[in-house]
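Bear in mind that the values in this text are calculations on the coordinates, not laboratory data. The structure displayed is predicted, hence computed values, not measured ones. Note that each Cβ is placed from the backbone with ideal geometry, even for glycine, and that neighbours are counted across all protein chains shown.
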Amino acid sequence: MSKYGPTRKEHIFRLCFSLFGLSLMLVALLYRGIPTGPALFEVGVMGGLFFSGSAIWSASKLIKGQR
């Protein structure tokens, strides 16, 4: 286990923040509709990858019990 890096509490915060961000994106997409053009890439792909990747990374660290 490394003594550097995010603590368990920070992983929990990141997981909650990422899930909250994904839910807000879903609500916005349901309310406003799916964007077209470059906005689809910016909102859908980049935002979705950021929040999903952060949630998966934090959840995997919490499941493994690592820092």
Query raised in the report: Where the centre of each part is set by its Cα atoms, how far does region 50-65 sit from region 10-42, in angstrom?
Result: 16 Å
Requested in this report: Restricting things to alpha carbons, find the Rg to Rh ratio for the chain using the Kirkwood radius for Rh.
Outcome: 1.12
**Report entry** HN-Hα J in Hz across region 52-63 - Karplus 6.51, -1.76, 1.60, θ = phi - 60°, x for Gly and Pro
**Finding:** 5, x, 5, 5, 5, 4, 5, 5, 5, 5, 5, 5
**Report entry** Neighbour-limited loop hits for chymotrypsin sites (Phe, Trp or Tyr not before Pro), region 2-67 (at most 10 other Cβ within 10 Å; DSSP other than H, G, I, E, B)
**Finding:** TYR4
